[in-house]
Every structure is written in structure tokens, then in C-alpha cells.
Amino acid sequence: TLNRQGNDRGTQYRSAIFYHNETQKTLAETSIKQAEAEKIWDDAIVTEITEASQFYPAEVEHNDYYTRVGDRNPYCTVIITPKIRKLQKQFADDLK
């Protein structure tokens, strides 16, 4: 969802891939085009692809959040876990 994660809204909640060189940019663009062509998700992918610039680390409590609390957080359980499983299945199918 564009600029949103659950009830949280704003550009700080956007989905983004930050690239450092043209090869990374091309790989990101190709990956998104492939996922859209394969219709992995019903909605369009709104992940922004933008050049990396100044990096501001998140507060410690946000680091590895899903790994630490994913199975105890309803949002992660209902929204994030199914997306991860879908990606894992897609990658497993691609390796066959």
C-alpha cells in the first residue's frame, strides 16, 4: 500500500528499494516487472526505486521487529506473514 503500513500513514511508511549503482537499479526494476507480469499480487506494486542517499538508522526498538515479535503481533501475523510465505513459495517454485 502506498505510504502506509496498517494504520500508520505517511512517506516514512513507504515501500522502497534504495540502489547504489545502475546494476542494482536495473535488477530492482526487473524484479518488480517480473513480479507484476507473474501477477503474484492482485494490486500493482508501489515500491519506490530510488538512489540511495543519506541513511538514518531506525531506533533500536524497530530493528529486526518482525523477527523479534512477528508471531506475537496481530498485524504481522495477518498481513506480513502471508506475504513472506507467498514470496518463499514463489522463490521455491522458481528454483525447480
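No value in this document is a laboratory result; all are computed from the given coordinates. Since the structure is predicted, the reported quantities are computational estimates derived from the model, not experimental observations. So basically every Cβ, Gly included, is an ideal-geometry build from the backbone, and we count neighbours across all protein chains shown.
A few remarks follow.
- When residues in the stretch 47-68 are screened for being over 17 Å from Gln24 (Cβ atoms), β-branched (Val, Ile, Thr) and either in a loop (DSSP other than H, G, I, E, B) or under 18 Å from the mean Cα position of the chain (by Cα) (or both), 1 of them pass.
- Residue among Tyr75, Tyr56 that alone is under 21 Å from Thr11 (Cβ atoms), loosely packed, with under 10 Cβ neighbours inside 10 Å and not basic (Lys, Arg): Tyr56
- Evaluating Asp71 against the criteria (1) of a type in the set (Asp, Glu); (2) assigned to a helix (DSSP H, G or I); (3) under 22 Å from Leu2 (Cβ atoms) leaves one unmet condition, (3).
- For the stretch 1-39, taking the residues that are among the aliphatic types (A, V, I, L, M) and outside any helix (DSSP H, G or I), the one that is surrounded by the most Cβ atoms within 10 Å (Cβ to Cβ) is identified as Ile17.
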